[in-house]
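The values are calculated or read from the model by the stated rules, or taken from the named source; none is laboratory data. Computed from a predicted model, the values in this text were never measured in an experiment. Positions of Cβ are backbone-derived with ideal geometry, glycine not excepted, and every protein chain shown enters the neighbour counts. For the accessible areas, the whole protein counts, side chains as well, though only heavy atoms, and no ligand, DNA or RNA atoms are used. Shrake-Rupley method; radii C 1.70, N 1.55, O 1.52, S 1.80 Å.
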Amino acid sequence: MKYLFVVIFIGLFAASVLTFYSFSRGEDKRPVLRWMTGANPVRKEQAELFEQWMEDNGYPEVELRIEGPKKTQKNIVQGVSGVAGDIFDCYYGEINLFQSIGLLEDVTDVAKAMGFGLSETYTGIWSDLSIDGRQYGFPRCVDTFVCWANVEAFEKVGLSAPPKMWTFEEFERIGKRYIELSNKSEEHQTVYFSNQWSLFSTTMLLRSMGVDVYNETMTGSNLNMPEAKELYAMIYRWVNDLNLIPTVAEARALSSHSSRTDKGVIYLFSQGNFGMIFAGRYGMIYFREVGPRKLSISEFPHKTYRNAISFARSSAVYKGSKHKEIAFYFLKFMASEVYNQAIVEDPDGLPPSPKFAYTKAFSYPAAYPEEWGLHDQIRDIVTDIGISFSYSPYIQISTLIRKERDIMDSLLADRISIEDGLNELAISIEKDMVRFISESEGLKVK
């Protein structure tokens, strides 16, 4: 028995040695780029496409490794500690935020040399990518917010789809008529003109009145200005008096009676519970799966100045990366034909390079003839009236959204007056700005 154990031990040891050497010889020697993004199947496909593109063009071999989930605070903590990934995904205002504490590599010169400078993308989102004339990223995709209308739901009650451009007054008049005709036989209201408003929706309406969210130096809030109080009073009327938009409780009730919870608002839109919803070109991903099939697009209503919020989902290079030179190729890849064509086919926003949004494949997707004309409308809104959101480097957009949502809910529930609520909101925003500046002082990449 003793000899049996010795033989087994020698066999296992020999197997371990052989395994070690076989792995050593086959070890992947490619440098690894870490991409801080959301881990989902689309990202995996994009990573594989990038690696193949690098190989096809004779560029350095590389492995692009996805690391998620994407969290702003995680990137900041790892970044200032010197251990962040090589490539950051940057959404609403994050390039401004990360650059303000020294996390991002200035790519201005290399972008011009490698062909992914600002001139390669939409002018309306340049401020999402650059600060003081210096470039810090390049978009993975570009999009805007529009009003999607369920044409069949309007036709069902004898109405035409909303116009492409409209004023506040037209929005209210059409909305009143739509819910009046759509809820005739219902004991309780089950059909609304639109889903609930977000800060981005409100901002476009406020801009049309000549006022933005922040002051000119981005160090204070304009949400207590007379125009803002007029706007929030109008939204209050649309929700509480005219029932064009559901309250929080009404929206929850609709969702609880829906037979599909996985697509939420999209499913309710397809069933006609909402005549309109607010989304970008990315909405087509869900419309193709859930519906509706017959759609139209309108700009957001305006008072005097037509505008739309355009935004970029961007990639940027971490300043502390040990593979910066290779990471630059990833931004170049975003401007390539291979990548842009992938975004044309998968409508997750507009392709980052505008020239690919003027192709037959973009305008007339062969498998979806019902979409013909819609893609061009979104592109034209981005190019004609698209303006980036005004991101302050002194407050995170997630904080602003949360604060505004809390006040909006309080206003609509009559827990606070519009005057007091918006004054409280402006003071709270400015206090957070002061706190962020004091806490960020001295933060640098190690």
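Quick one: is Ala367 open to solvent by 30 Å² or more (accessible area, probe 1.4 Å), without any contact (Cβ under 8 Å) to a residue 12 or more places away in the chain and hydrophobic (A, V, I, L, M, F, W, C)?
Numbers: open to solvent by 30 Å² or more (accessible area, probe 1.4 Å): yes; without any contact (Cβ under 8 Å) to a residue 12 or more places away in the chain: yes; hydrophobic (A, V, I, L, M, F, W, C): yes.
So Ala367 fits the description; yes.
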**Complete:** If we keep only residues of region 216-240 that are in contact with a strand residue (DSSP E or B) (Cβ under 7 Å, 6 or more places away or on another chain) and small (Gly, Ala, Ser), then the residue surrounded by the most Cβ atoms within 10 Å (Cβ to Cβ) is Ser221
**Prompt:** How many residues, within region 283-299, are surrounded by fewer than 17 Cβ atoms within 10 Å (Cβ to Cβ) and aromatic (Phe, Trp, Tyr)?
**Reply:** 0
**Request:** Could you grab me the full set of residues in region 380-433 that are open to solvent by less than 10 Å² (accessible area, probe 1.4 Å), touching an Asp or Glu at 6+ places or on another chain (Cβ under 7 Å) and in a helix (DSSP H, G or I)?
**Result:** Leu425
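If I ask for residues that are in a helix (DSSP H, G or I) and of a type outside the set (D, E, K, R), which ones from region 309-328 would you list?
Within region 309-328, the first condition is being in a helix (DSSP H, G or I), and the residues that meet it are 324-328.
Ile326, Ala327, Phe328, listed by residue number.
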**Prompt:** List, please: which pairs have Cβ atoms under 9 Å, are six or more places apart or on different chains, and start with a residue in region 70-96 that is within 22 Å of Ala47 (Cα to Cα) and end with one that is among the acidic types (Asp, Glu) and surrounded by fewer than 19 Cβ atoms within 10 Å (Cβ to Cβ)?
**Reply:** Gly85/Glu67
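Please determine, by comparing only the residues of region 136-153 that are open to solvent by 10 Å² or more (accessible area, probe 1.4 Å) and touching a Leu at 6+ places or on another chain (Cβ under 8 Å), which one is farthest from Phe330 (Cα to Cα).
Applying the first criterion (open to solvent by 10 Å² or more (accessible area, probe 1.4 Å)) to region 136-153 yields 136, 145, 151-153.
With the extra rule that they be touching a Leu at 6+ places or on another chain (Cβ under 8 Å), the set shrinks to 136, 151.
Numbers: Tyr136: 13, Val151: 41 Å.
So the residue we want is Val151.
In the set Val191, Val213, which member is in contact (Cβ under 8 Å) with a residue 24 or more places away in the chain, among the aliphatic types (A, V, I, L, M), under 21 Å from Glu152 (Cβ atoms) and open to solvent by less than 20 Å² (accessible area, probe 1.4 Å)?
On the way: Val213 fails: under 21 Å from Glu152 (Cβ atoms).
Result: Val191 is the single residue among Val191, Val213 that is in contact (Cβ under 8 Å) with a residue 24 or more places away in the chain, among the aliphatic types (A, V, I, L, M), under 21 Å from Glu152 (Cβ atoms) and open to solvent by less than 20 Å² (accessible area, probe 1.4 Å).
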**Prompt:** Taking region 93-126 as the search range and keeping residues that are assigned to a loop (DSSP other than H, G, I, E, B) and in contact with a Gly (Cβ under 8 Å, 6 or more places away or on another chain), which one is nearest to Asn340 (Cα to Cα)?
**Reply:** Tyr122
